[in-house]
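Down below is the structure, laid out as structure tokens.
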Amino acid sequence: MNRPDGRRTAPSASNKQEIEIYVTLPDGAYLWDAQKNQLAPVAPGDLRGATGTQEFAATAAANLVYVADLSKAGRSATDPQQMLNVGADAGFIAQNVYLYCASEGLATVVRASVPKDALAKALKLRDSQVIVLAQSVGYPAKK
């Protein structure tokens, strides 16, 4: 959020704001509270490796997990238009992260190879929540 009225820099279909961002760090997993601009603890322990099938996910400084709360979106996961909307909405947020990382000299990559069922259980997601994408953020590899 970057405006007094609570609007965000990333758009969402019908302004549903259904994407929630979970952050995995070495000490635990957190849910980002956009209004308070703070992280709320979700699960202790290092879950970074659970966010993707690529080896680097386990050692990235942070992994962002974009989760769509379909109860906010108003449609089911079986609705193709709904899944297109949440994919686009997650993509808008991920692009903001790409732009920020580029400005700060950080590395980032969006990943769809996520063991979604196991990660959803580890993050204690509700049935109405589905994992859309993950995004690793860290320091560029030294050459």
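The values are calculated or read from the model by the stated rules, or taken from the named source; none is laboratory data. Everything numeric in this text was worked out from a predicted model, so none of it was measured. As a convention, Cβ positions derive from the backbone with ideal geometry for all residues, glycine included, and neighbour counts pool all protein chains shown. SASA here: full protein model, heavy atoms, side chains in, ligands and nucleic acids out. Shrake-Rupley method; radii C 1.70, N 1.55, O 1.52, S 1.80 Å.
Couple of notes before you dig in:
- Note on residue 118 and residue 59: the extension gain reaches 19.4 nm, defined as 0.36 nm multiplied by sequence separation minus the Cα-Cα distance.
- Once Rg and Dmax of the Cα atoms in Å is calculated for the structure shown, the corresponding label among [x] 14.7, 47; [y] 17.5, 51; [z] 18.6, 69 turns out to be [x].
- Where trypsin sites (Lys or Arg not before Pro) fall in DSSP loop in the range 22-95, at most 12 other Cβ within 10 Å: 36
- Nitroxide proxy distance, nm - points 7 Å out along Cα→Cβ at residue 40 and residue 104: 2.3 nm
- Only the Cβ atoms of Lys and Arg (+1) and of Asp and Glu (-1) were treated as charged; on that basis the dipole of the chain about its Cα centre amounts to roughly 140 debye.
- Calculated FRET efficiency for the pair residue 27/residue 88, C-beta based, R₀ 35 Å, to 0.05: 0.60
- Per-atom-type breakdown for the chain gives carbon and sulfur 55% of the accessible area (1.4 Å probe, protein chains only).
- Approximate spin-label separation residue 126-residue 142, in nm, with each point projected 7 Å along Cα-to-Cβ: 4.6 nm
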